[in-house]
Amino acid sequence: MELAKKRIGIDIGGTNIACGLVEEGQILYKTSLATNASEGKESVFNSIFKAVQMVLDNTETTIKQIAGIGVGVPGMVDMDTGVVKLAPNLYWEYVPVKEILEKKFKVPVVVDNDANAAALGEVLSGAGKGNKDVVCITIGTGIGAGLIINGKIHHGKSGGAGEFGHTIVNEKGPLCNCGSRGCLETLTSATAIVNKGKDILQQESDSILKDCIVEGQPLGAKEIFLAAQKGDKWCKEVIEESCKHLGMALANVVNLLNPEQIIVGGGVSQAGEALFRPLKKWVNYYSLDILNKDLSVDPAELGNDAGIIGAAGLIK
């Protein structure tokens with residue numbers, strides 16, 4: 001009998017649950033439902049059950065045709081048991097995701113961190129296709145990373161590898177939610193960039209940043225990059241400083257792991273060359289020449305699909 005090639009990938013976010021049917025790294029069908037995490041874990045699992053059934057029904061697929069279900073979760077996972085040890089955005093502690101889904105669907109289930117799943121997705125079907133040693137970072141509210149070493153996700157001893165946002169780049173820097181000072185995400189995340197933009201709006205009357213904001217819309221990193229591209233010196237300083245800190249942290253990763261590629265995803269990566277030009281400059285400046293000469297720094301290609309494709313790819 002031919003082995004099932006189709007897999008279901010689930011990307012659980014704090015706001016939405018994305019679910020798709022994947023075959024050979026391509027999404028055949030996908031859907032999305034609200035997570036409703038504040039209503040409790042039963043509500044979240046009901047949304048997962050519903051999303052999986054929608055995928056099966058809309059593709060005329062039976063669960064027996066599925067090789068397994070892969071799940072990406074925004075938290076720390078025990079890889080041996082499939083228990084989510086901590087996922088603050090879901091209000092979860094020690095939730096047996098693997099056990100619950102296997103009991104429901106009677107197929108193998110693998111659970112991993114969402115950043116790891118996204119990194120795997122990019123390596124399977126996106127910007128990192130064909131590469132074996134890749135660091136994939138996501139810049140959003142915080143900064144996370146997935147590490148692919150010799151073609152496999154690197155989890156670390158307790159499953160917590162990839163907390164790149166808590167790399168210390170300035171010991172006298174802002175206080176982070178984790179309790180340390182000067183963590184990368186306090187200086188370079190989308191949240192940090194926006195906070196610096198708010199300071200510009202309040203303090204620099206000659207800034208053009210206010211003219212880049214759409215009426216009725218909140219300030220975002222996108223507007224700060226736009227103002228910088230239009231020549232706003234204050235916003236240019238914010239972008240340059242952010243890229244310097246990010247480049248410094250990535251250079252340490254390059255010197256430590258010698259990857260062939262760094263992939264940058266998340267909303268901030270959509271700034272294009274306004275981000276990548278200074279970022280590449282600082283990565284090369286702080287890393288060893290012998291290690292960066294064959295290094296590529298590229299934008300992610302799959303967007304939100306990376307989590308679905310990577311989650312499905314967890315099923316071997």
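The values are calculated or read from the model by the stated rules, or taken from the named source; none is laboratory data. Remember, it's a predicted structure, so these values are computed and weren't measured experimentally. Cβ atoms come from the backbone with ideal geometry, glycine included; neighbour counts cover every protein chain shown.
In the set 9, 13, 20, only one residue is in contact with a Cys (Cβ under 8 Å, 6 or more places away or on another chain), surrounded by 18 or more Cβ atoms within 10 Å (Cβ to Cβ) and not aromatic (Phe, Trp, Tyr); that residue is 9.
Flag set for residue 165, criterion: in a helix (DSSP H, G or I), in the same structural domain as residue 235 (by TED's automatic domain parsing), under 25 Å from residue 74 (Cβ atoms) and under 15 Å from the mean Cα position of the chain (by Cα).
Check 239, 200, 262, 224 and return the single one that is in a strand (DSSP E or B) and in the same structural domain as residue 143 (by TED's automatic domain parsing). Of the residues listed, the single one that is in a strand (DSSP E or B) and in the same structural domain as residue 143 (by TED's automatic domain parsing) is 262. One residue stands out among those in the range 167-180 that are free of Cβ contacts under 8 Å to residues at least 24 places away in the same chain and closer than 18 Å to residue 244 by Cβ: the one that is surrounded by the most Cβ atoms within 10 Å (Cβ to Cβ), which is 173. In the set (1) more than 25 Å from residue 129 (Cβ to Cβ); (2) in contact (Cβ under 8 Å) with a residue 12 or more places away in the chain; (3) among the charged types (D, E, K, R); (4) loosely packed, with under 15 Cβ neighbours inside 10 Å, the condition left unmet by residue 78 is number (4). The set of residues from the range 78-91 being in a strand (DSSP E or B) and either within 20 Å of residue 141 (Cβ to Cβ) or touching a Ser or Thr at 6+ places or on another chain (Cβ under 6 Å) (or both) comprises 84, 86, 87. Residues in the range 192-202: is at least one closer than 28 Å to residue 128 by Cβ, crowded, with 20+ Cβ neighbours inside 10 Å and not aliphatic (A, V, I, L, M)? Looking for residues that are closer than 28 Å to residue 128 by Cβ, crowded, with 20+ Cβ neighbours inside 10 Å and not aliphatic (A, V, I, L, M), one finds none in the range 192-202, hence no. For the range 266-281, name all the residues that are touching a residue at least 24 places away in the same chain (Cβ under 8 Å), surrounded by fewer than 17 Cβ atoms within 10 Å (Cβ to Cβ) and either among the acidic types (Asp, Glu) or assigned to a loop (DSSP other than H, G, I, E, B) (or both). Of everything in the range 266-281, just one residue is touching a residue at least 24 places away in the same chain (Cβ under 8 Å), surrounded by fewer than 17 Cβ atoms within 10 Å (Cβ to Cβ) and either among the acidic types (Asp, Glu) or assigned to a loop (DSSP other than H, G, I, E, B) (or both), namely 272. Output the residues belonging to the range 20-48 that are in contact (Cβ under 8 Å) with a residue 24 or more places away in the chain, over 24 Å from residue 316 (Cβ atoms) and not in a loop (DSSP other than H, G, I, E, B). 31, 37, 38, 41, 44, 45, 47 - these are the residues of the range 20-48 that are in contact (Cβ under 8 Å) with a residue 24 or more places away in the chain, over 24 Å from residue 316 (Cβ atoms) and not in a loop (DSSP other than H, G, I, E, B).
Here residue 144 clears all of (1) assigned by TED's automatic domain parsing to the domain that holds residue 11; (2) in a strand (DSSP E or B); (3) of a type in the set (Gly, Ala, Ser) except the condition numbered (1).
Quick one: in the range 296-316, of everything that is out of contact with any Pro (no Cβ under 7 Å at 6 or more places or on another chain) and part of a loop (DSSP other than H, G, I, E, B), which residue is surrounded by the fewest Cβ atoms within 10 Å (Cβ to Cβ)? Outline the logic, then answer.
At the first step, the residues of the range 296-316 found to be out of contact with any Pro (no Cβ under 7 Å at 6 or more places or on another chain) are 296-314, 316.
Adding the requirement that they be part of a loop (DSSP other than H, G, I, E, B) leaves 300-304, 314, 316.
Numbers: 300: 22, 301: 16, 302: 22, 303: 14, 304: 15, 314: 22, 316: 9.
The residue in question is 316.
Among the candidates 258, 284, single out the residue that is surrounded by fewer than 17 Cβ atoms within 10 Å (Cβ to Cβ) and modelled with pLDDT of 95 or more. So that I can check it myself, show each step before the final result.
Details: 284 fails: surrounded by fewer than 17 Cβ atoms within 10 Å (Cβ to Cβ).
Only one candidate qualifies: 258.
For the range 92-115, which positions are assigned to a helix (DSSP H, G or I), out of contact with any Cys (no Cβ under 9 Å at 6 or more places or on another chain) and not basic (Lys, Arg)? Even if it seems obvious, please write down each step before you answer.
Of the residues in the range 92-115, the ones assigned to a helix (DSSP H, G or I) are 97-105, 114-115.
Add one more test, that the residue is out of contact with any Cys (no Cβ under 9 Å at 6 or more places or on another chain), and what stays is 97-105, 114.
Of everything in the range 92-115, those that are assigned to a helix (DSSP H, G or I), out of contact with any Cys (no Cβ under 9 Å at 6 or more places or on another chain) and not basic (Lys, Arg) turn out to be 97, 99, 100, 101, 102, 105, 114.
May I ask you to verify whether residue 102 is surrounded by fewer than 17 Cβ atoms within 10 Å (Cβ to Cβ), within 21 Å of residue 23 (Cα to Cα), among the acidic types (Asp, Glu) and assigned by TED's automatic domain parsing to the domain that holds residue 21?
Criteria met by residue 102.
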